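Every number in this text was worked out from the coordinates using simple rules, so none of it is lab data. This one's a predicted model, so the numbers in the text were calculated from it and none came from an experiment. Neighbour counts run over all protein chains shown; Cβ positions are idealised from the backbone, glycine included.
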Amino acid sequence: MIIEWDERYSVHHELLDLQHQELFELAKTVQKLDAATTTKAELSKLFKEFYDYMAKHFKEEEAYMQSIHYPLYIKHRKLHESIIEGMNKILKEKKTIEELQTSMQMIAKKWLAEHILENDLKIEKWRKSITVTDEDLKGGTPL
Ligand SMILES: [Fe+2]
């Protein structure tokens with residue numbers, strides 16, 4: 001099954017949401033390729049494109065976590081590192097087109113969708129908890 005981005009995955013951060021959407025799209029492109037007419041080179045190129053975009057996205061998400069002093073930053077960065085390691089392993093192994101597509105299905109489900117729901121959304125929870133609203137600034141006693 002191909003997983004699509006929807007509001008459930010929103011971390012309420014414009015750039016990160018856009019990048020997550022793009023990752024879902026790239027994963028979908030790989031999964032929808034017709035194995036009978038696609039060459040291994042074409043598939044590898046798309047897979048690599050997904051990998052590069054994911055790596056770039058992780059760096060930006062990590063910078064964002066640091067900017068808001070996210071307390072689980074180190075733990076979260078380690079998760080990103082293990083995902084990248086896992087993808088490196090997949091890319092190094094000699095796989096058939098079908099196997100690469102199955103790998104991409106797993107990546108989209110576990111390392112993209114589940115990672116967002118289980119980990120990225122916690123960043124949003126933290127950000128919300130530390131946000132000082134306009135109301136707070138206007139109102140009464142100084143901090
Ligand atoms: Fe993340």
*asked:* Angle check, please: helix 40-67 long axis (alpha carbons) against the longest principal axis of the chain (alpha carbons), in degrees 0 to 90, nearest 10.
replied: 10
*Extension gain from E118 to L91, taking 0.36 nm per residue of separation minus the Cα-Cα distance*: 7.2 nm
*Can you list the residues of the range 89-118 with backbone N under 14 Å from a point 7 Å past the Cα of A35, pointing along Cα to Cβ?*
95-106
*Most mobile listed residue (H115, H69, H20) in the chain, GNM with C-alpha springs under 10 Å*: H69
_As I understand it, the dipole of the chain uses +1 on the Cβ of Lys and Arg and -1 on the Cβ of Asp and Glu, about the Cα centre. Which of L15, G86, S44 lies farthest toward its positive end?_
G86
*Using Cα atoms only, what is the angle between the long axis of helix 73-92 and the major principal axis of the chain, expressed in degrees (0 to 90) to the nearest 10?*
10
*Sites matching GluC sites (Glu not before Pro) across the range 1-101 that sit in DSSP coil, with at most 10 neighbouring C-beta atoms within 10 Å*: E93
*By how many degrees, between 0 and 90 and to the nearest 10, does the Cα long axis of helix 97-106 differ from the longest principal axis of the chain?*
20
*With the radius of gyration and the Kirkwood radius both derived from the Cα set of the range 36-127, what is their ratio Rg to Rh?*
1.05
